[in-house]
1. How long are the semi-axes of the equivalent ellipsoid of the chain, taking √(5λ) for every eigenvalue λ of the Cα gyration tensor, in whole Å from largest down?
2. Using a Cα-Cα cut-off of under 16 Å, which lysines could be cross-linked to Lys2, ignoring same-chain neighbours fewer than 8 residues away?
3. Tell me, Leu135, Leu300, Leu289 in order of fewest to most beta-carbon neighbours within 10 Å?
4. Rank Asn123, Asn160, Asn245 by mean-square fluctuation in a GNM of the chain with C-alpha springs under 10 angstrom and give only the top-ranked residue.
5. Identify which of Pro208, Pro38, Pro182 has the largest mean-square fluctuation in a Gaussian network model of the chain, with springs joining Cα atoms closer than 10 Å.
6. If we count other beta carbons within 10 Å of each Cβ, what is the order of His216, His264, fewest first?
7. Tell me, what is a quarter of the convex hull surface for the C-alpha atoms of the range 106-209, in nm² with one decimal?
8. With unit charges on the beta carbon (Lys/Arg positive, Asp/Glu negative), name the residue among Leu125, Val57, Ser205 whose Cα is farthest towards the positive pole of the charge dipole of the chain.
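Coordinate-derived values only; no laboratory data. The shown structure was predicted, so the numbers you read here are calculated from the model rather than taken from an experiment. Quick reminder, even Gly has a Cβ in these numbers, built from the backbone with ideal geometry, and neighbours come from all protein chains shown.
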Amino acid sequence: MKRDLLSIKELSKEEIEKLIHDTRILKRRRKEGLKYTPLEGRVLGLLFEKPSTRTRVSFETGMYQMGGDAIFMSPRELQLGRGETIEDTAKVLSRYIDVAVLRVYSHETLERFAQSAEIPVINGLSDLLHPCQILADIYTIYEKLGRYENFKLVFVGDGNNIANSWINLAAKLDFELIISCPKGYEPDAEILEDALKAGAKVKVSHNPGEDVKDAHVIYTDVWCSMGQEDEKKERLKAFRDFQVNDELMNISSAAYFMHCLPAHRGEEVTDSVIDGPRSIVWDEAENRLHMQKAIILFLLGINP
C-alpha cells in the first residue's frame with residue numbers, strides 16, 4: 001500500500017522520530033563524503049504551481065545525490081494548462097515516475113492528485129500546510145537543543161500554513177507552542193481544535209512581548225504569502241507590532257531564531273536578527289535537503 005505525506009497528521013510519533021533519526025544518518029553520511037545511491041533508476045517528479053528555491057532545489061539535489069533523477073514541471077508546460085484534469089494527470093504520471101512532489105495553491109488540488117495517483121505524493125507546500133518545512137525545522141531544533149521535545153516555540157506572525165503545520169506537529173510531540181498573531185489572523189480553527197483534542201500544548205495569543213518569555217525558539221514567516229499580494233497594505237498595518245527585532249529577541253535571551261524563508265527583511269524580521277548570532281536559519285535551510293531525502297526513502301520503504 002502506497003504512502004503519501006500531505007500532512008504531519010498522517011504520521012505517527014514513531015515515524016516522526018524515525019525521520020529525525022534517518023535525517024541525522026543521511027546528513028552525517030553526506031558530510032563525510034560517503035556515496036549512497038539507493039535510488040538509481042528512480043525518478044522524482046515536481047509539479048509546481050508556485051515558484052520555489054529551497055523546496056525545488058533540495059528535492060532535486062537530494063534525488064541526484066541518492067542516484068536518482070528529477071523532472072520539474074509547471075502546469076503551463078503540461079496539458080493541465082489546456083484543461084486536462086488533475087486526476088488524469090496523476091494517473092499518467094504514475095506510469096512514468098516513482099514519487100511526486102506538488103507545490104500548489106489549493107490543498108484540495110493536492111488531495112485530488114493523491115487520490116488518483118498510484119505513487120507516493122509529497123506536499124511541497126499548499127495554502128493550508130507545509131509539512132516538509134516543519135519536519136526539517138524539528139530536526140534543526142534537535143541538532144541545536146539535543147532534543148525534539150520539552151521546549152517552548154513561539155511562532156510570531158500570520159496563522160498560515162507554517163503555523164498550521166507546527167500545530168499538527170505539536171499534536172504528535174511533547175512541546176509547548178504559542179501562535180502569537182494579530183486578531184483576525186489566527187491559524188485554521190479545525191486544525192487547532194483537532195490538536196487540542198489530541199492533547200497538544202498549543203495556545204493562540206496576541207501579545208508577542210509576553211508570549212516569547214522563556215521561549216527556546218522564536219519563529220516567524222512572511223506577513224504576506226504568495227497569492228495574498230492584494231492584501232499587502234492591510235497586512236503590513238495589522239502586523240506592525242509583530243516584527244521579530246532585537247527588542248523582542250532580548251526578552252527571551254536564550255532563544256534561537258528561525259524563519260522558513262524567503263524573508264522580507266525589514267518587515268517580519270530585522271537584518272540584525274536574521275544575520276545575528278542566535279539565527280539558525282541557514283542550518284534550517286540546509287536541513288531541508290537532508291530531511292527531504294529521508295522523506296523520499298521513507299515513502300519508498302527504503303531504510304537508510
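1. Here the semi-axes work out to 31, 22, 18 Å.
2. Excluding near neighbours in sequence, the set is Lys91.
3. Exposure proxy ranking, most exposed first: Leu300, Leu289, Leu135.
4. Asn245
5. Of the options given, Pro38 has the highest mean-square fluctuation.
6. Ordered by Cβ neighbours within 10 Å, fewest first: His264, His216.
7. Taking the Cα atoms of the range 106-209, their convex hull projects to 7.4 nm² on average.
8. About the Cα centre, the residue reaching furthest to the positive side is Val57.
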